[in-house]
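The values are calculated or read from the model by the stated rules, or taken from the named source; none is laboratory data. Just so we're clear, the structure is a prediction, and the values are computed from it rather than from any experiment. Note that each Cβ is placed from the backbone with ideal geometry, even for glycine, and that neighbours are counted across all protein chains shown.
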Amino acid sequence: MPPVMPGPDAVAAEGDPDALPVPTYRSLAAPVRRPVDKFELLPAFLKVRGLVKEHIDSFNYFITKGIKNIVQANNRIEARSDPSIYLRYKDIRVGEPSVQVDFRVETITPHFCRLTDRTYSAPVIVDIEYTVGKTHVVHRKPNFIIGYMPIMLRSYACVLNGKDEAELARYGECPLDPGGYFVVKGNEKVILIQEQLSKNRIIIDTDNKKRVIASVTSSTHEVKSKTVIVMDKEKIYLQLNQFTKPIPIIVVMKAMGIQSDQEIVQMVGRDPRYGDLLYLSIQECASERIYTQQQALQYMDDKVMFPGPGNVKEGRSKTLLRDVFVAHVPVENGNFREKCIYTAVMLRRMLDAILNSDTFDDKDYVGNKRLELSGQLVSLLFEDLFKTMNSFAVDRMNKNSDMARSSPLDFSQLIMQQDLITTGLERAISTGNWDIKRFKMHRKGVSQVLSRLSYMASLGYMTRITPQFEKTRKTSGPRALQPSQWGMLCPCDTPEGEACGLTKNLALLTHVTTDQEEGPLMNLCYSLGVEKLSLLSGEEIHAPGSFLVMFNGLILGKHRQPQRFAKSMRTFRQSGKIGEFVSIFVNEKQHCIHIASDGGRVCRPLIIADKGRSRVKEHHMKELRDGVRSFDDFLRDGLIEYLDVNEENNALIALYEHLDQDDVQRSSITHIEIEPMTILGVVAGLIPYPHHNQSPRNTYQCAMGKQAMGNIAYNQLFRADSLLYLLVYAQRPLLTTKTIELVGYDKLGAGQNATVAVMSYSGYDIEDAIVMNKSSLDRGFGRCIAMKKYTVTTEKYANGTISDRIAKPQRDKDGALIKQNMRALDEDGFVAPGQIIRNHDIYVNKQTPKAIPKTPGTTLTDRDYKDSPAVYKGVDGETTVVDRVMLCSDTNDKLTIKCIIRHTRRPEVGDKFSSRHGQKGVCGTIVQQEDFPFSERGICPDLIMNPHGFPSRMTIGKMIELLGGKAGVSCGRFHYGSAFGESSGNADHVDDISHTLVKHGFSYNGKDFLYSGILGHPLEAYIFMGPIYYQKLKHMVLDKMHARASGPRVLLTRQPTEGRSRDGGLRLGEMERDCLIAYGASMLIFERLLLSSDPYQVQVCRKCGLLGYYNYKLKTSFCSMCKNGENMAKMRMPYACKLLFQELQSMNVVPRLKLTEG
Amino acid sequence: MDMDDVPTQQRNKLPDHLERQRTRVTCKADAPTHTQGFQYSGAFAAMGVDNSVSVEKFCNSFKIKINRLTEDDMEFDMIGVDASIANAFRRILIAEVPTMAIEKVFMVDNTSVIADEVLSHRLGLIPLDADPRLFDHISDDVPNERNTIVYKLHVSCEKGSQRLTVKSGQLEWLPEGSQLLMASAAQGEKQKTYTSFGQSQKNISGRSIGVKYKDITIARLGPGQAIELEAHAVKGVGKVHAKWSPVATAWYRMLPEVVLLKEIKDGEAEELVKKCPVNVFDIEDLGNGAKRAVVARPRACTLCRECVMGPTGEQVELRRVRDHFIFTIESTGALPPEVLFTEAVKILEEKCERVISELS
Ligand code: SF4
């Protein structure tokens, strides 16, 4: 025990030498004196893994293995009439991304697709074998294309796979772009990670009536079903959708062939308490006089919901039991025993939960969740389309086989009849609607457009996890931070508002598993001493000391020495004999060992420790630094392993290698974290010193970091995004974090280091507003470029014989332009790049034919065209410049013209800025430099922030950022502020920063002696001043400001239009109206709601009270009801009101106005 | 202070603590005090001390001492003025002394990655080596040799060659005015350019008007890219845009005064000396191994306040002399700093005259 730290444990140890020291925070978290610098593992990990490896991995799995499995399972189609006419798929693979242009195959690159609105897709190639006609001659056709599949960027099938920076540059691709998305019709689409409850696992929970239920969602390739066992009034029932009523569980057991009640109880467990709880259920069964399997099945047959064809209920329930009830448990040769045992285990877990409420499962526990990735989703889609295609082919064949034809049909002609697969995949990914009837899947918004607002926004999109449940639920449970999220899901990065806590993000090191082959693993388990179920009697299953072995939700058998079994399995994993993502989890409470190899589990790498000693030693790290060891070598050598959420429960994970060598606790440490900062995600990783901030601030920053302008990619100027915001002089933050360097934010920054003075100035800084220095703005601070894309397509008419045309700008004989708004046009009729373009200027001088000629083939003359120019709608008084004009033909061979118009903006009052600590504020005023305060060294801040921003926000991280930044500029070294990095050297200590400051003549607390710029005397306080990284957010006044005196009106109601884009009016709503009523300002209401809105003069008949009209010829008003004009009165009313009356009349409702003399 | 002391006090002299408040800013560890000084002329009338400003007093006490003068920057002491006057000079230097800067850019060709507006902005910020006193402010937009300096930039990067960095030195001065022809000239007339120079600017300047620093990066060109443009520089003031500010910055600080209230000896003295990052204190050997801290270089004090914190904190007092300014001017290069200051004085003079004439 080191004498320096007499913690509470030391006291305990001294007081009672036998007592185990209590592990304190200190004893677990304290670093070693000379720690092995494990940080290098992080870049090594990210190098092999990339930032979005989970997406790419899952897609790779699909195109290499998954697709083959699907085709394997459905590899033969045959005509119904004659099974000898068939087609067999022998192999399937995904080719190189390409398009077919006039029977030529051209390879394509993602960037080409982005620019030309194409889909980045590759042919799906099959080798087929089929018979033609009735001759039974087998034909073979290799390399047959059945469709095109959108390809994920950087996957194996992508041209970018494995390319280095120079090659990527040649492809027009940004090397920092992580890939993992698709390009569909020119749009970048991400398939978001979907969160689901894990399949094939027993979940014990209570339903909304507070009854205990055990539910299993079974999912195999063939069926998906949900089985619920519920305890109602102390009796246990099975609920299945296919039964009209709950079935007593004992009846079910009997129906599955267990005759004696004793065996049932034995299967559940010998504990008399189980028997007590089962007693009523057994009694119920007996009271129904069900003793045999036959009786039980008969009983159940009566309760079947949809009797099969011909109302034959007989035998239905047996099929249901076999195919629907816990469908994932196989029934081999009609042997229901496995299902019985499974049911018994379900019952046992349920009864356990009743006896001890601790054993309830937590639905929000991350270990009970599975993440569905793009590969799986595309695979479902493909499977459906593939099957549909085949069944179509079969249908056609059947139809055609009846007809006599000269050349016999064969399947190879039928399968590619429509491009079902191509369009199906394309449509699903581009709309995001996954409607797969075959799998009862109807999901919307599965894929979304990848946000390219900033580099962080796109990265954030790739790691986002969308929830399954509807967002409207007010429940707090699923929204709360789960302890099991530690290290797997970012605790900061979640949106505010309705999706708060439901939409999550992956942490930096999280990996999502893909499926792994089960067969070899099962065999391994058996050879390691798992006893098969079929050999065990009900009694033996739950014999004390032995654990059930569950494999992906199936009961494999039991093992007598569970710990030894788990240990040897783990040893196999560590030595690379079985997949690194297989998890072995010993559940002591349930007496179970769970082995999981299924896809969608989250896991993360950890350093293995033997009795608290890290297996990663200094020499390993040296080898890594020297480049002779990669991250995979660490895995292979058993130094590092992946643990999933469940297995983490069997581990004791220390933050750092243990300091205290004699500590008893030491020996139980099994793993060591690679870096504590990796519990945060990518987006939260760019916050410096996040562990010093109040937690919601980090969450706010995660949302705002995605709106910050900066550089989005190296190829940003060659992209054609519909809206692109760029910062002119983006900088790398002075106070960086290790995450920033790992993800490349230092190369594609989104902000600038502003010298900030925290003081009050001028009163224009209330409510978080900031005061900006005009000279800084003059010199380029916060200057940004907004690029907007305007697309014009030339339409084609009459089967493509006639189309729109682009005309030269029309000039008079002196050569002057006829229309002034053509001044930006070039001689070819397109706007010229580099030209200044103003509001109402034409950017494409398009003309459309006036009419489509009746006779095809007539050439149209100039007179047959009318102008339909594309007119630029910009802000008056702003100078916008044409950046680029791009011409391309789209997939329908129409000419598409994309004009990119650029606007360089300097910050103005009302633009939104934010630091990296969730401290947003608008620019309140812009002040001349000479009015700004200046320091003893002549430093003048770029912006002034009000100190009131600090007390309630508690963003200490921002203060440390200021100090660190100031120390950084004075000593010339970038300072670090990684999360929790102080003890591992990844963040600078405030002490050290203060020392640096003092060394360079600043005060240790960062407060400077400032002089007032206006009066010249010193300010009466020392001012906290230094550089803070500020982000300019996309919300700018220019895009939002709006005012209207009078303007356009809606056609129908003649009321002013709504919304800024239509130059609409501002609505005086109900509540505003209420205020005016309460105040009694009746004339104001009158003016607002009638005069300034939609006044209309109507003629009202005083007699019948209906609206009449004014006859201009006779110059009298007339009532068409009374057929005279005698009692007409003029009045003003809102047009909408008149409209209402007329609409009512059209519905046979008579609104009558009763007029009185006023 | 006892009441008895008052009569014994000398006339026309404030008691020490008031005198200190009047002439010094005291920088305590937590905050500076007495920063504003006493403006009211009769603030000490009760004690018979006149606090008014007078030309006579000013003439007697005003002093300027130049400490450092180089081509681009200077530091001088301005003694005996109020902060407002010193500040007026600073403000004028930053915002009101005119210079020449590029204001209009005529783009002929720009195929570089840098946008036209950004390129123009960068050009605008390049300091020019032009004496603004030779030029007029441009009025009613007729550019002539008296108000406009024209530069040309024509660079291209050959296909297949290395990337090229365009430096400010590649801006070429056109003393004869613009070479770009106006687009729409009526027939028969001579083609007009964008300037109408009556004579060569060489006659006006006598030396070539280039840029001050030739190594400022303007843009980078990749193979096959080119920039061709003409830039027109006009006279302006920093108030309008920072590019016209003749100084990188100009500022002052008040003369530091470090006072040891008590004698600090031996160990404490050494500690104090070690504390100061800029070596304000020295050790004086008193013989017999005894040491004493003395204030040796108070001017160097950056006010880090290390010495007023900790155990010796009570013994040291940091002050600033209220009417002694250490003034620094960092010129951007158009005019030498000393000229800038005289220009500033002239502008202030003008302003005063304007006030006087308006008043009378
Ligand atoms: S304030 Fe700092 S620089 Fe000035 S004398 Fe004290 S220690 Fe030295």
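A compact table of results
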| read-out | value |
| --- | --- |
| Some residue of the range A:810-818 being over 39 Å from the mean Cα position of the chain (by Cα), free of Cβ contacts under 8 Å to residues at least 40 places away in the same chain and closer than 29 Å to A:Phe718 by Cα | no |
| Top-ranked residue of the range B:20-60 - restricted to ones that are assigned to a helix (DSSP H, G or I) and among the β-branched types (Val, Ile, Thr), ranked as farthest from the other protein chains (Cβ to nearest Cβ) | B:Val55 |
| Some residue of the range B:118-127 being outside any loop (DSSP other than H, G, I, E, B), within 14 Å of another protein chain (Cβ to nearest Cβ) and either over 30 Å from A:Ala786 (Cα atoms) or in contact with a helix residue (DSSP H, G or I) (Cβ under 7 Å, 6 or more places away or on another chain) (or both) | yes |
| Single unsatisfied condition, B:Arg91 versus (1) under 33 Å from the mean Cα position of the chain (by Cα); (2) modelled with pLDDT under 90 | (2) |
| Yes/no for B:Val316 being aliphatic (A, V, I, L, M) and more than 30 Å from B:Ile85 (Cβ to Cβ) | yes |
| Selection from the range B:266-293 of residues that are touching a residue at least 12 places away in the same chain (Cβ under 8 Å) and within 12 Å of the ligand (Cβ to nearest atom) | B:Glu271, B:Leu272, B:Val273, B:Lys275, B:Cys276, B:Pro277, B:Val278, B:Asn279, B:Val280, B:Phe281, B:Asp282, B:Ala293 |
| Hey, A:Gly910 part of a loop (DSSP other than H, G, I, E, B), under 36 Å from the mean Cα position of the chain (by Cα) and in contact (Cβ under 8 Å) with a residue 40 or more places away in the chain or not | yes |
| Filtered residue count, the range A:640-669, keeping only those that are modelled with pLDDT of 70 or more, part of a loop (DSSP other than H, G, I, E, B) and surrounded by fewer than 21 Cβ atoms within 10 Å (Cβ to Cβ) | 6 |
| Residues of the range B:336-355 satisfying the condition of being surrounded by fewer than 22 Cβ atoms within 10 Å (Cβ to Cβ) and either hydrophobic (A, V, I, L, M, F, W, C) or within 16 Å of the ligand (Cβ to nearest atom) (or both) | B:Val339, B:Val345, B:Ile347, B:Leu348, B:Cys352, B:Val355 |
| Subset of the range B:294-332 (residues that are farther than 18 Å from A:Tyr1022 by Cβ, within 16 Å of the ligand (Cβ to nearest atom) and of a type in the set (Asp, Glu)) | B:Glu314 |
| Strands (runs of 3 or more DSSP E) wholly inside the range B:229-332 containing at least 2 residues that are under 35 Å from the mean Cα position of the chain (by Cα), within 11 Å of chain A (Cβ to nearest Cβ) and at pLDDT 90 or above | B:247-260, B:316-331 |
| A:Thr996 buried (at least 19 other Cβ atoms within 10 Å of the Cβ) and either touching a residue at least 24 places away in the same chain (Cβ under 8 Å) or more than 14 Å from chain B (Cβ to nearest Cβ) (or both) | yes |
| Some residue of the range A:795-812 being out of contact with any strand residue (DSSP E or B) (no Cβ under 9 Å at 6 or more places or on another chain) and either within 14 Å of another protein chain (Cβ to nearest Cβ) or crowded, with 18+ Cβ neighbours inside 10 Å (or both) | yes |
| Residue within the range A:986-993 that is more than 12 Å from chain B (Cβ to nearest Cβ), touching a residue at least 12 places away in the same chain (Cβ under 8 Å), in a loop (DSSP other than H, G, I, E, B) and among the polar types (S, T, N, Q) present | yes |
| Residue under evaluation A:Asn821, criteria (1) out of contact with any His (no Cβ under 6 Å at 6 or more places or on another chain); (2) within 24 Å of A:Val885 (Cα to Cα), criterion not met | (1) |
| The range A:1009-1023, residues that are outside any loop (DSSP other than H, G, I, E, B) and at the interface with chain B (Cβ under 8 Å from one of its Cβ atoms) | A:Phe1009, A:Tyr1011, A:Pro1018, A:Leu1019, A:Glu1020, A:Ala1021, A:Tyr1022 |
| Matching residues in the range A:556-591 - criterion: being over 34 Å from the mean Cα position of the chain (by Cα) and within 21 Å of A:Thr217 (Cβ to Cβ) | A:Leu556, A:Gln590 |
| Positions within the range A:113-144 being surrounded by fewer than 17 Cβ atoms within 10 Å (Cβ to Cβ), farther than 30 Å from A:Asp893 by Cβ and of a type outside the set (Gly, Ala, Ser), in sequence order | A:Asp127, A:Lys134, A:Thr135, A:His136, A:Val137, A:Val138, A:His139, A:Arg140, A:Pro142 |
| Some residue of the range A:748-770 being among the hydrophobic types (A, V, I, L, M, F, W, C), part of a helix (DSSP H, G or I), within 14 Å of chain B (Cβ to nearest Cβ) and in contact (Cβ under 8 Å) with a residue 40 or more places away in the chain | no |
| Where a residue in the range A:246-258 is within 16 Å of A:Arg316 (Cα to Cα) and not assigned by TED's automatic domain parsing to the domain that holds A:Arg322 and its partner, wherever it lies, is at pLDDT 85 or above and part of a helix (DSSP H, G or I), with Cβ under 9 Å and at least six apart | none |
| Selected residue (only one of A:Val223, A:Val230, A:Val216, A:Val184 is over 30 Å from A:Arg154 (Cβ atoms) and buried (at least 22 other Cβ atoms within 10 Å of the Cβ)) | A:Val216 |
| Check on A:Ala816, surrounded by fewer than 20 Cβ atoms within 10 Å (Cβ to Cβ), among the aliphatic types (A, V, I, L, M) and within 14 Å of chain B (Cβ to nearest Cβ) | yes |
| Residue that is surrounded by the most Cβ atoms within 10 Å (Cβ to Cβ) [pool: residues in the range B:73-110 that are polar (S, T, N, Q) and at the interface with chain A (Cβ under 9 Å from one of its Cβ atoms)] | B:Asn87 |
| Number of positions in the range A:743-752 that are crowded, with 22+ Cβ neighbours inside 10 Å and either farther than 22 Å from A:Ile679 by Cα or not β-branched (Val, Ile, Thr) (or both) | 6 |
| When residues of the range A:853-906 are limited to those that are part of a loop (DSSP other than H, G, I, E, B) and hydrophobic (A, V, I, L, M, F, W, C), the one nearest to the other protein chains (Cβ to nearest Cβ) | A:Val875 |
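Quick grid of which residues meet (1) surrounded by 20 or more Cβ atoms within 10 Å (Cβ to Cβ); (2) basic (Lys, Arg):
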residue	(1), (2)
A:Gln928	no, no
A:Ser935	yes, no
A:His948	no, no
A:Ile956	no, no
A:Ser970	no, no
A:Arg973	no, yes
A:Ala987	yes, no
A:Phe1002	yes, no
